[in-house]
1. In the stretch 176-200, what count of residues is obtained for those that are within 16 Å of the ligand (Cβ to nearest atom) and either over 18 Å from the mean Cα position of the chain (by Cα) or hydrophobic (A, V, I, L, M, F, W, C) (or both)?
2. For the structure I just gave you, tell me whether PRO327 is open to solvent by 10 Å² or more (accessible area, probe 1.4 Å) and either modelled with pLDDT under 95 or in contact with a Phe, Trp or Tyr (Cβ under 8 Å, 6 or more places away or on another chain) (or both).
3. Among (1) buried (at least 22 other Cβ atoms within 10 Å of the Cβ); (2) within 25 Å of the chain's Cα centre (by Cα); (3) away from the ligand (no atom under 16 Å from the Cβ), where does ALA211 come up short?
4. Which one of these is surrounded by 20 or more Cβ atoms within 10 Å (Cβ to Cβ), touching a residue at least 24 places away in the same chain (Cβ under 8 Å) and basic (Lys, Arg): LYS181, LYS187?
5. So which residues in the stretch 205-224 are in contact with a helix residue (DSSP H, G or I) (Cβ under 8 Å, 6 or more places away or on another chain) and within 21 Å of GLU125 (Cα to Cα), if there are any at all?
6. Can you tell me which residue in the stretch 330-361 is farthest from the chain's Cα centre (by Cα), limited to those that are open to solvent by 50 Å² or more (accessible area, probe 1.4 Å) and under 30 Å from LEU489 (Cα atoms)?
7. Kindly evaluate GLY418 against the criterion of being among the small types (Gly, Ala, Ser), modelled with pLDDT of 95 or more, buried (at least 18 other Cβ atoms within 10 Å of the Cβ) and out of contact with any His (no Cβ under 7 Å at 6 or more places or on another chain).
8. Go through the stretch 104-130 and give me each residue that's assigned to a loop (DSSP other than H, G, I, E, B), within 13 Å of the ligand (Cβ to nearest atom) and in contact with a helix residue (DSSP H, G or I) (Cβ under 6 Å, 6 or more places away or on another chain).
Amino acid sequence: MAFLLMWGLNGLAQSAAGDGPYSQLIIRGVMLINGNGAPPQGPIDIVVENNLIKKIQVVGYPGVSIDDANRPKLKAGGKELDCTGMYLLPGFIDMHGHIGGKAQGADPDYVFRLWMAHGITTVREPSGRGADFTLDLKQKSARNEIVAPRIMAYIGFGEGSDTPITTPDMAREWVHNNAKKGADGIKFFGAEPEIMDAALRENKKLGLRSACHHAQLNVARWNVLHSARAGLTSMEHWYGLPEALFEDRTVQDYPLDYNYNNEQHRFEEAGRLWKQAAAPYSDHWNAVMDELLALDFTLDPTFNIYEASRDLQRARRVEWHEEYTLPSLWEFYQPSKISHGSYWHDWGTEQEVAWKENYKLWMTFVNEYKNRGGRVTTGSDSGFIFQLYGFAYIRELELLREAGFHPLEIIRSATLNGAEALGMDKTIGSVTVGKLADFVVVEENPLKNLKVLYGTGAIRLTEDNQVVRVGGVKYTIKDGIIYDAKALLKEVKAMVDAEKNKQDYKILQPGIKH
Ligand SMILES: [Zn+2]
């Protein structure tokens, strides 16, 4: 039973996006890149019934024409999707996707389309506009009433509480209420040690998961290792990890005129933090890593969100801003003493070089963690610091490559590892019989060049010297519903154009007035 999804767009006519699910869907002739580390294999036909994978059948050999007699048969009322020669992957999981803040002026239908256009079928939201807002969208997405990835709601610790949480009992009570509301987990930003300890242990007891951005205000007494021991299941970004690795100090070497409320101070000094930690492969570095591994702890590095720190010009000039970045988002990114993350008040060579070194030390830890069997996931944290929803997720894949991951390890990080970290690996994360029909289909081989996954595609020079674009996700399939990824992007562009027309707005670089 095919149905059309009707969802109002800003100033646009109602639009149909997404076909299915079908009583039977056969996706024909793909090269399968499964999320489990297996090498590519094809041609394969995949049979889906409603939203479940029923059969994964090898139907031939490379360079040999396929014998139709040996292929799965289409039943009456079924749908065939010819994907001959295309690459099919499990739906991507973005482990750090804020649905869009008010300050950014990014509404959910804009954000969701950008995610879906980049193959993201599941998002963990690590706090957003409030529990009710997120849980409502989660339910609508679960019923496929809206064009949106599956949403896992990790509510900000303390959110909705009338008074500050000051005792372990209050912490436990909040944790209970959060679970009762239907949240999937908690996002922490740090708190007093006894509060963190009580909340994490109680949450774990209830069987819920957790994420923490260890903000600098609390890391001196409670770093990543403390959290992991108390039951935190994943750390976000990197803060709190160098602190766990300190061996010749107990607090970061802050300049004496530092002010945490000064965004340049925060980000500039953060760029000097990894080199204050134990050296890679030293005894202390190994001991911290091994303890985190023993605790089955997940790293969700979100490398991309700091990229402007090491190359501001790259981040602000990426080609997709012109067509896909909303004016309100562009304004939010501009240097400001107020907006979070808009820290380049005076950002130059010295800061960028320090951050490049910071990245090397950070990436060394993350890559070795993966090599020793640790779980590393893919998260974007878009909507800040020139990182655009969807596009930034693909950039994150590229940065995992830079960190030393094999492309197959990257795909596993983006799929099965995310599913495991969410406790959902029985239903999503790989193309397996019995799992949900969440797929990414792309015409090019993403292992050879991850850039083919960007909505703007990758650049290719043809045999006859013509410059063309190839790739961009072709279909994003969620719960057996087929979305035309390029049509979703067109809708995003129309939203952006409408906003620009309304405001007579043009994207200009910082400090340029015409
Ligand atoms: Zn975040």
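1. Residues meeting the conditions: 4.
2. So PRO327 fails the test.
3. Result: ALA211 passes all but (3).
4. Unique residue meeting the criteria: LYS187.
5. Scanning the stretch 205-224 gives LEU206, LEU208, ARG209, SER210, CYS212, HIS214, VAL224.
6. PRO335
7. In short, yes.
8. GLN104, GLY128
The values are calculated or read from the model by the stated rules, or taken from the named source; none is laboratory data. Bear in mind that the values here come from a model prediction, so they are computed numbers and not experimental data. Using ideal geometry, Cβ is built from the backbone for each residue, glycine included, and neighbour counts are taken over all protein chains shown. Heavy atoms of the whole protein, side chains included, go into the accessibility calculation; ligands, DNA and RNA do not. Shrake-Rupley method; radii C 1.70, N 1.55, O 1.52, S 1.80 Å.
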